[in-house]
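Asks: Okay, handing you the structure first.
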Amino acid sequence: MPARLAREYAVKANYLANFARFVDWPEEVFPRNDSPIVIGVYGTPQFVDFLGERVQRRMVNGRSILLRHIRKVDDTKDCHILFFNGRAWPHTRRVVDHLKEAPVLTVGETPGFTQQGGIVNFVTGDDKICLEVNQDAAKRAGLAISPKMLAYCTLIREDEK
């Protein structure tokens, strides 16, 4: 992996792990107080390994992080956070539609992701990574995103598209 891309994905990996600090899921999503937070990656398996190196043994709000490489739509419902690697773009709309009301924080990295119903999108430019958040999609999924996180994001409303 080229150094620039490795730096970019290191930042994205850190964001993915930290999103769990700023998102509240419905209580029934976690069967126990110590149930892990499941981060799924839809796309290239190399990012799962890359992410794993950065989040292994990390705890978030008393929960460990469990990573999964997602290969088919039916595997997505057990995720709490689902990251769509850029190479997953051809399948994104179908998977996001499948999860429309599921309590899954969908995260992408391609233009138009939040306009397609995704919740958080990484926007890369000028050597920095910014975030877009579709608040309507988050609400539909039953997720509450902390104002602390929203303060650093561009907010997308579906009625503004």
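Asks: Using a Cα distance threshold of under 21 Å, what count of lysine pairs results for region 38-161 when pairs must be 8 or more residues apart or interchain? Intermediate values should be presented prior to the final figure.
Replies: Numbers: K72/K100; K77/K100; K77/K139; K100/K139; K100/K161; K128/K148; K139/K148; K139/K161.
Lysine pairs meeting the criterion: 8.
Asks: For the chain, what does the helix formula give at 222 nm: sum of -39500 (n - 2.57) over DSSP H segments with n ≥ 4, over the residue count, nearest 500 deg cm²/dmol?
Replies: Mean residue ellipticity at 222 nm (helix-derived): -9500 deg cm²/dmol.
Asks: Something else now. Semi-axes of the equivalent ellipsoid of the chain: what are they in whole Å, largest first, if each equals the square root of 5 times a C-alpha gyration tensor eigenvalue?
Replies: After diagonalising the Cα gyration tensor, the semi-axes are 20, 20, 16 Å.
Asks: Then there's this: Within the accessible area of the chain, what % is carbon and sulfur when the probe is 1.4 Å and the other protein chains stay in place?
Replies: 48
Asks: Right, another one. With only Lys, Arg, Asp and Glu charged, each at its Cβ (+1 for the first two, -1 for the last two), find how big the charge dipole of the chain is about the Cα centre; round to the nearest 20 debye.
Replies: 360
Asks: From the residues I37, L105, Y152, which one has its Cα farthest along the dipole of the chain in the positive direction, the dipole being from +1 and -1 charges on Cβ of Lys/Arg and Asp/Glu about the Cα centre?
Replies: Checked the options; the winner is I37.
Asks: By how many nm would the segment from K100 to S64 lengthen if fully extended, with 0.36 nm per residue of separation less the alpha-carbon distance? Write down the numbers at each step before the final one.
Replies: Values: separation 36, 0.36 × 36 = 12.96 nm, distance 2.56 nm.
Once the chain is fully extended between K100 and S64, it gains 10.4 nm.
Asks: Report the Cα centroid-to-centroid distance between region 1-69 and region 100-161 in angstrom, as an integer.
Replies: 17
Asks: With every protein chain left in place, what is the accessible area per residue of region 1-100 in square angstrom, probe 1.4 Å?
Replies: Numbers: 5610 Å² over 100 residues.
Using a 1.4 Å probe on heavy atoms only, each residue of region 1-100 averages 56 Å².
The values are calculated or read from the model by the stated rules, or taken from the named source; none is laboratory data. What you see is a predicted model; the values in this text were computed from it and never measured. Note that we place each Cβ from the backbone using ideal geometry, even for glycine, and neighbour counts take in every protein chain shown. Just so you know, the surface numbers come from the protein's heavy atoms only, side chains and all, with ligands and any DNA or RNA stripped out. Shrake-Rupley method; radii C 1.70, N 1.55, O 1.52, S 1.80 Å.
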